[in-house]
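Quick notes on the structure that follows.
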Amino acid sequence: MTGLEVTLRAVRHRGRRAFVPYFMAGTSNEWLRHVEAAANAGADAIEIGLPFSDPMMDGVVIQEAAKRSLDRGTTLASVVGELASVDVGVPLVVMTYYNVLLHGGLERSAAMLAQVNVRGAIVPDLPPEESSEWSSACAPHDLATIYLVAPSTPNERVAMVAQRTQGFCYAQGRMAVTGTTSEEGDGASVAAAIRAVSDVPVYVGIGVSTPEQAQRAASYSDGVIVGSALVRRILDGATPNDVEDFVRSFRRALDASHE
Amino acid sequence: MNAPEVFMDKPDASGRFGDFGGRFVPEALMTACLELEVAFNDAWNDDAFVQEFYDVLHTFGGRPTPVTELSRLSRHLGLRIYAKREDLAHTGSHKINNVVGQTLLTKRMGKPRVIAETGAGQHGVATATAAARLGLSCTVYMGELDTQRQALNVFRMELLGATVVPVTSGSKTLKDAVNEAMREWVTCVKDTHYCLGSVMGPHPFPWIVREFQSIIGREASRQLTEMGVGTPDVVVACVGGGSNAAGIFAGFANTDARLVGVEAAGGAAIATGSPGVLHGMRSMLIQDEFGQIEEAHSVSAGLDYPGIGPEHAYLAKAHRAQYEAIGDDEVIPALQLLSELEGIVPALETAHAVAWLIREAGTTLAPGTSVLLNLSGRGDKDVAQVREILRGAS
């Protein structure tokens, strides 16, 4: 079992619903302060987006953030360099596209990320069928590879994906790219399908943008991931204090849901 | 002793041609790709489906397209040039072959709607056409820059009942239209087929599109035999994603013919690219040292793509085909020359292949060399743009 999964299972064992905010690395000079603020306000793990020019699984908000970050010269190496200066005390998980890791060199990318306490990677365009090289590169560094289960994933495939995922299983709440704001999704049935075949922690993302939605999602899962709603605020100039308030509002909703 | 390699056969189980291809898609699209592979395998092995495909291409698509000997251009260049006239197919390019196949497949899968990306608008117009014929709903994603360069094609698609969505992200061209079509497909994959326009994207698309386009090469091979030409020395076609080239190469991949793909210099994935993963495939891509995809630049919207189909990347690596680049400055004179000497105004894309013949005639192409040129599309869509360019130059 990966270190990430040990940590996240312990969160669940404590009776706590996990909150995982997403930040695009390098959108401003302050981005690490945002990450620290989120950790202080009760995030259980933090997703760090490494920008890619063609983010196929992302909606307009993350696209804009990726462009802003790339325009500022962000690279895998620059993010690793910056992360080396902080210790936020909760696991970091990167989210990026395969070509970014491929060009860094898979072995080298995995080693660099692990060195700065990154514990896992979500690579949305790398399904389990294509991931053997990346998984081999990650194994020596205890870097978890996290897979998604979508509402369209048939049950027999859910079993395969849930067996392969490490750390947690990402339950895609809607058939949509990131940044969807519509109300009711498919998160409950996706989470149930995963739980039927695995006891890996299940976190719901895509379609969770408010504390109320997070609270509902937490009733059938082990945690939630919130990206675009937070990134939108950051693109609009949110300060670390604003980020702290944002994370606290979710923290409160999740803690209340469990009491 | 190994048997000689058979080119342009089925990809392996993971959808690879050598090192290239594969299926690098979000989980949300994985099931649709797997189902499509099963559905295509089933259909392509069903004589009734194959017969319907040929019948529709015959009675609706204008096939078989003729092979025309380009006598005056041949004399001018000292070559023997034969043109496979895909410009005479319905909607004015080879694109109709693929969309007839994919829309029949869409209907067979019970889906009522297609989406498509388009660059120059040729694939969008063809998809809208085939969708209208079968009563399928159709939405086409087109880079905003291309909707301006090809405004008449936007109107054509609308006349055909399609909805055209201008894509404002990234470079606002073909690459971004593909991104947006993929994103849209995630939301509607249950009842919508993504009618991908070239031999690119995740498996099984590169294979499906090549199979539907291979009718070009099979017809041309038969026609050249009937004309007494036999196997040509050279087969040449322009390459963006590479569907017309794949189609014509398929008829000659296992002969002695030299296969030449001509890319736009501003989008020459083989000449200037490196291996990477984009749009669901591992192929050759134009990208920076960090794996960020760079923007292609070409006078021709249809070749404005930073990648190339994975099978072409493989044919290049295996030295079965060669890929050359032609700059914008060579394209317009080639278009003019073919128009004046042969009475055929080619598409800007196609003019790249003509330009390569002009450049190589008398050097790498010895006098008397027989050439099969895939005349992939007609130039009507480009006339206004060419006029602007020539006005600007005078």
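The values are calculated or read from the model by the stated rules, or taken from the named source; none is laboratory data. Values in this document were obtained by computation on a predicted structure and should not be read as measured data. Neighbour counts run over all protein chains shown; Cβ positions are idealised from the backbone, glycine included. Just the protein is used for accessible areas: all its heavy atoms, side chains included, with ligands, DNA and RNA removed. Shrake-Rupley method; radii C 1.70, N 1.55, O 1.52, S 1.80 Å.
What number of residues in the range A:45-75 are outside any loop (DSSP other than H, G, I, E, B), closer than 25 Å to A:A114 by Cβ and open to solvent by 20 Å² or more (accessible area, probe 1.4 Å)? Spell out how you get there, then give the answer.
If we filter the range A:45-75 for residues that are outside any loop (DSSP other than H, G, I, E, B), which is where we start, we get A:46-49, A:60-71.
Right, trim to closer than 25 Å to A:A114 by Cβ and you get A:46-49, A:62, A:65-66, A:69-70.
Next, from what is left, pick out any that are open to solvent by 20 Å² or more (accessible area, probe 1.4 Å): A:70.
Residues in the range A:45-75 being outside any loop (DSSP other than H, G, I, E, B), closer than 25 Å to A:A114 by Cβ and open to solvent by 20 Å² or more (accessible area, probe 1.4 Å): 1 in total.
Among the residues of the range B:84-96, are any out of contact with any His (no Cβ under 7 Å at 6 or more places or on another chain) and within 14 Å of another protein chain (Cβ to nearest Cβ)?
Of the residues in the range B:84-96, the ones out of contact with any His (no Cβ under 7 Å at 6 or more places or on another chain) are B:84-85, B:87-94.
Still in the running and within 14 Å of another protein chain (Cβ to nearest Cβ): none.
Within the range B:84-96, none of the residues are out of contact with any His (no Cβ under 7 Å at 6 or more places or on another chain) and within 14 Å of another protein chain (Cβ to nearest Cβ).
Taking the options B:R108, B:R183, B:R133, name whichever one is charged (D, E, K, R) and under 29 Å from A:S53 (Cα atoms).
B:R183
Go through the range A:138-157 residue by residue and tally those that are in contact with a Ser or Thr (Cβ under 7 Å, 6 or more places away or on another chain), away from chain B (no Cβ under 11 Å) and either closer than 20 Å to B:C188 by Cα or surrounded by fewer than 21 Cβ atoms within 10 Å (Cβ to Cβ) (or both).
Residues flagged as in contact with a Ser or Thr (Cβ under 7 Å, 6 or more places away or on another chain), away from chain B (no Cβ under 11 Å) and either closer than 20 Å to B:C188 by Cα or surrounded by fewer than 21 Cβ atoms within 10 Å (Cβ to Cβ) (or both) within the range A:138-157 amount to 1.
Conditions first: (1) over 28 Å from A:V100 (Cβ atoms); (2) within 11 Å of chain B (Cβ to nearest Cβ); (3) open to solvent by less than 10 Å² (accessible area, probe 1.4 Å). A:Q172 passes all but one, so which condition is the exception?
Just one mismatch for A:Q172, condition (1).
Pick from B:F49, B:F7: which is closer than 30 Å to B:T363 by Cα, out of contact with any Phe, Trp or Tyr (no Cβ under 6 Å at 6 or more places or on another chain) and not assigned by TED's automatic domain parsing to the domain that holds B:A361? I'd like the intermediate steps shown before the answer.
Values: B:F49 fails: closer than 30 Å to B:T363 by Cα.
The match here is B:F7.
Out of everything in the range B:2-38 that is surrounded by fewer than 20 Cβ atoms within 10 Å (Cβ to Cβ) and among the aliphatic types (A, V, I, L, M), what residue ends up being farthest from the other protein chains (Cβ to nearest Cβ)? Don't jump to the end; show me each part of the working.
So in the range B:2-38, the residues surrounded by fewer than 20 Cβ atoms within 10 Å (Cβ to Cβ) come out as B:2-7, B:9-10, B:12-14, B:16, B:18-19, B:31, B:34-35, B:37-38.
Now narrow it down to the ones that are among the aliphatic types (A, V, I, L, M): B:3, B:6, B:13, B:34, B:38.
Working: B:A3: 29, B:V6: 25, B:A13: 10, B:L34: 9, B:V38: 13 Å.
Out of the qualifying residues, it is B:A3.
Grab the helices (runs of 4 or more DSSP H) fully contained in the range A:190-258, keeping just those with 3 or more residues being of a type in the set (D, E, K, R). Outline the logic, then answer.
Numbers: elements: A:211-218, A:228-235, A:240-258.
The qualifying helices (runs of 4 or more DSSP H) are A:240-258.
Are any of the residues in the range B:360-369 assigned by TED's automatic domain parsing to the domain that holds B:V234, buried (at least 20 other Cβ atoms within 10 Å of the Cβ), in a helix (DSSP H, G or I) and without any contact (Cβ under 8 Å) to a residue 60 or more places away in the chain?
No, because not a single residue in the range B:360-369 is assigned by TED's automatic domain parsing to the domain that holds B:V234, buried (at least 20 other Cβ atoms within 10 Å of the Cβ), in a helix (DSSP H, G or I) and without any contact (Cβ under 8 Å) to a residue 60 or more places away in the chain.
Among B:G228, B:G247, B:G197, which is the only one that is more than 13 Å from chain A (Cβ to nearest Cβ), assigned to a loop (DSSP other than H, G, I, E, B), under 25 Å from B:A353 (Cα atoms) and out of contact with any strand residue (DSSP E or B) (no Cβ under 7 Å at 6 or more places or on another chain)? First the steps, then the outcome.
On the way: B:G247 fails: assigned to a loop (DSSP other than H, G, I, E, B); B:G197 fails: out of contact with any strand residue (DSSP E or B) (no Cβ under 7 Å at 6 or more places or on another chain).
That would be B:G228, the only listed residue that is more than 13 Å from chain A (Cβ to nearest Cβ), assigned to a loop (DSSP other than H, G, I, E, B), under 25 Å from B:A353 (Cα atoms) and out of contact with any strand residue (DSSP E or B) (no Cβ under 7 Å at 6 or more places or on another chain).
Given the options B:D256, B:D288, B:D233, name the one that is acidic (D, E) and farther than 30 Å from B:E69 by Cα.
The conditions single out B:D288.
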